[in-house]
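Shown next, in C-alpha cells, is the structure this report addresses.
The values are calculated or read from the model by the stated rules, or taken from the named source; none is laboratory data. Bear in mind that the values here come from a model prediction, so they are computed numbers and not experimental data. We place every Cβ from the backbone using ideal geometry, glycine too, and count neighbours over all the protein chains shown.
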Amino acid sequence: MNLKQSMGRRLKGHGDDAELNLTAVMNIFLILIPFLLLTAVFVRISVLELALPSLDRKPSAAKAQPPKSVVLNVLRIRETGFELKSPETNFSPLPKKNNTFDWERLVEQLKTVKKKYPDSQDIIIAPEGSIKYDTIVSVMDRCRESGFPNISISG
Amino acid sequence: MKIENEATSFKVATGFKRSKRGSFTLRLTSMIDMFTILLVFLLKSYSAEGQIVTVSKDLRLPESTSELAPKVTSVISVTSEWVLLDGRPVEKIENILSTNNLLIEKLHDSLVRLRAITEGIGGISDQMKGFQGQISIQGDKEITFDLLKRIMLTCGQVGYNNMLLTVMQKG
C-alpha cells in the first residue's frame, strides 16, 4: 500500500511528460567519446609465423621427437592455378577461372585431405617465382583454416 | 519584463510548447542513442596495448585472417623499390633481382652485424633478451615470391629462422 501510494504521488507530481535529467550522462559521453576516438586503432596488424628448419637445431629436435608418420602435402602455386599433391590421392589441378584463383575448390580439396588424414598438420607451399606475396598470404590463410597450421614454404 | 516579452514572441513564432515558464529542457534522447552506439563501437575497437608495429605509408600489407599479435623484433621492410632493415635502406630491389645469386650480400652483412649487436646486448645483462632468431618481414603485397624467397634465404643463413610476416587483420 505504502509503495503504491508514494508511486502514485510521484507520477502525479510529474504530470504526463516526465523527463530524465540526462546532463550527467551527457557529460560522461562528451569526455569518453573524444578519449576513445583518440585511442581507437582502426587498422589492426597481426603476424603470420613462419619457421625455417634451422641449420643447427634440427638434429636434436629430430632425436627428441619420435618420427611420426608424416603425410607430405605439397601445394604448388603456379601462374596458371593451384596443384595439390597428397599421398595416394591425385587431385586434378585447379586452373584459374576468369583470371582469379579457384579458392573454393582449393578449400574443398584441402578438406578432403584433412578428412583422410585427420592427424596431418603439415603442408608445404611451393609458389612459382612470379607469384605475388598477397596470393601466398591468402593461400596460407586457407591452409590454416582448413586444418593445416604447420605451413612451410619451399622455393 | 523585456526578456519575458522576447520569450513569448519566440513561443508564438515557433509554436514551441513549454510545460512551465522558465524551465527549458532539450530533448536529448536521440542524441544519447547515437552516443551509446558510438561508445559501444569505440569500446569494442579499444585496445589497451597500443601499436607496437608502425608501418610506413607507402607499404600496403596483405590482408590475412591471422590473429597472432605482433612481437617486438627487428624489421625488414620490402617496398616496391628498396629493402630496408629497421628503417635503413640496404639494397635496391632491381639490384637483387638482376643477379642469379639467391643470397643478398648487403642484407646478409647487415644481418650479421645486427645479430652480433643483439648477442652482445644479451651478454651484458640477463634482462635483455639477446638473440632469439626472430625477425619481422613487412612486405608490400605486390612483391613476388622470387624476391621473398631470397630475403628468407638470407635471413635463414644468418640464423633468423623464425620469420613473422606482418599482415593487416581482416575485418
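Annotations
- Some residue of the range A:129-144 being touching a Lys or Arg at 6+ places or on another chain (Cβ under 7 Å) and either modelled with pLDDT under 85 or surrounded by fewer than 17 Cβ atoms within 10 Å (Cβ to Cβ) (or both): no
- Qualifying residue in the range B:69-78 (condition: in contact with a Ser or Thr (Cβ under 8 Å, 6 or more places away or on another chain), surrounded by fewer than 18 Cβ atoms within 10 Å (Cβ to Cβ), among the β-branched types (Val, Ile, Thr) and modelled with pLDDT under 85): no
- Residues of the range A:12-33 that turn out to be modelled with pLDDT of 75 or more and within 8 Å of chain B (Cβ to nearest Cβ), as a count: 6
- Exactly one residue among B:SER56, B:SER77 is in the same structural domain as B:VAL158 (by TED's automatic domain parsing) and of a type outside the set (A, V, I, L, M), and that residue is B:SER77.
- Condition check for A:LEU72: surrounded by 10 or more Cβ atoms within 10 Å (Cβ to Cβ), part of a loop (DSSP other than H, G, I, E, B) and modelled with pLDDT under 85: yes
- Selection of the range B:148-171 for residues being buried (at least 19 other Cβ atoms within 10 Å of the Cβ), of a type in the set (A, V, I, L, M, F, W, C) and within 9 Å of another protein chain (Cβ to nearest Cβ) yields B:LEU148, B:MET152, B:CYS155, B:MET163, B:LEU164, B:LEU165, B:VAL167.
- Output for the range A:107-145, where each listed residue is in a loop (DSSP other than H, G, I, E, B) and under 25 Å from B:THR144 (Cβ atoms): A:GLU128, A:GLY129, A:SER130, A:ILE131
- Just one of the listed residues (B:ILE137, B:ILE124, B:ILE104, B:ILE143) is surrounded by fewer than 17 Cβ atoms within 10 Å (Cβ to Cβ) and assigned by TED's automatic domain parsing to the domain that holds B:ASN162, and it is B:ILE124.
- Residues being closer than 20 Å to A:VAL137 by Cβ and without any contact (Cβ under 8 Å) to a residue 24 or more places away in the chain - total across the range A:95-114: 6
Yes/no matrix, rows are residues, columns are (1) part of a helix (DSSP H, G or I); (2) touching a Pro at 6+ places or on another chain (Cβ under 6 Å); (3) within 20 Å of A:ILE151 (Cα to Cα); (4) at pLDDT 60 or above:
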| site | (1), (2), (3), (4) |
| --- | --- |
| A:LYS4 | yes, no, no, no |
| A:ARG10 | yes, no, no, no |
| A:LEU37 | yes, no, no, yes |
| A:SER46 | no, no, yes, yes |
| A:ALA62 | yes, no, yes, no |
| A:LYS68 | no, no, yes, no |
